[in-house]
Amino acid sequence: METLEIKSFEPYHIGTKLQPHVDLDILASKLRKALKEKEYEGTEKPVVELPIKIEPPREILGVKKEVRVELNLPATALNTIGEKPENVIEVFREVNSLLPELNYDLEATVVFYEIIANIIIESTKPPREMINKALKIDLRPLNGMGKVVVDSFRIINVSPTERQGAIRMIVAPNPSNPNTMFLVRLVYRAPKKEGIELFHKKLQSKVLKVIQSLE
């Protein structure tokens, strides 16, 4: 029986996808001020003098408990990003509670919420060996091409409902340490923030159970 342990999140990201009509400059100005009042760090917008104005793709609005609150400008998204899920969910809750206070109706402003996580899991058995044995695929047609194995797989829910949310998960050996570490790339989307809260609570146990089932 293998032993599995989640070692890190690189990173843990909870995003709020915004409607295209949201003016990001106005939102950034309002949130920066509100976050400063909540004692977030680094909420002053830096002044950069350039002959041509170049907007950064991401604008950090504040930092708290090593969690960044940032606007992803090309994606029109308000994100909370860190390495500790318990801190990220706390900041996510606080930031989203500020939006109604700043006169943003969530139903009219938000398209969906999502969790994005790269999860590093330590294993006492080689991940590639576990995956290759668990997935029953006939590789004999590839004989003569050296040692051929299956070392990753993808999971999605094909017809997600609003209650379930949509999940995509890729499981593979961690390229940086393939003999003892799994890398799980996970994206979960839900139309309501309550769905994010519920999935967040069970995320770690769900992921570990999927990996344990390879045994």
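Values quoted throughout were computed directly from the atomic coordinates according to the rules given, and no laboratory measurement underlies them. Just so it is clear, the structure is predicted and the values come from calculations on it, not from any experiment. We place every Cβ from the backbone using ideal geometry, glycine too, and count neighbours over all the protein chains shown.
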Kindly indicate the residue of region 71-91 that is touching a Ser or Thr at 6+ places or on another chain (Cβ under 8 Å) and under 13 Å from Leu35 (Cβ atoms) and also surrounded by the fewest Cβ atoms within 10 Å (Cβ to Cβ) among those meeting that condition.
Val91
Close pairs (6 angstrom Cβ cut-off, 6 or more residues apart or separate chains): touching a residue at least 40 places away in the same chain (Cβ under 8 Å) and farther than 20 Å from Leu18 by Cα in region 191-215, part of a helix (DSSP H, G or I) and of a type in the set (S, T, N, Q) anywhere
none
Leading residue by the ranking (farthest from Gly195 (Cα to Cα)) among those in region 12-32 that are assigned to a strand (DSSP E or B) and among the hydroxyl-bearing types (Ser, Thr, Tyr)
Tyr12
Taking the criterion of being farther than 25 Å from Ile119 by Cα, outside any loop (DSSP other than H, G, I, E, B) and not charged (D, E, K, R), would at least one residue in region 74-84 satisfy it?
no
Could you go through region 142-160 and let me know if any residue there is surrounded by 14 or more Cβ atoms within 10 Å (Cβ to Cβ), within 21 Å of the chain's Cα centre (by Cα), aliphatic (A, V, I, L, M) and in a strand (DSSP E or B).
no
Residues of region 111-133 being over 11 Å from Leu4 (Cα atoms) and in a strand (DSSP E or B), in sequence order, are Val111, Phe112, Tyr113, Glu114, Ile115, Ile116, Ala117, Asn118, Ile119
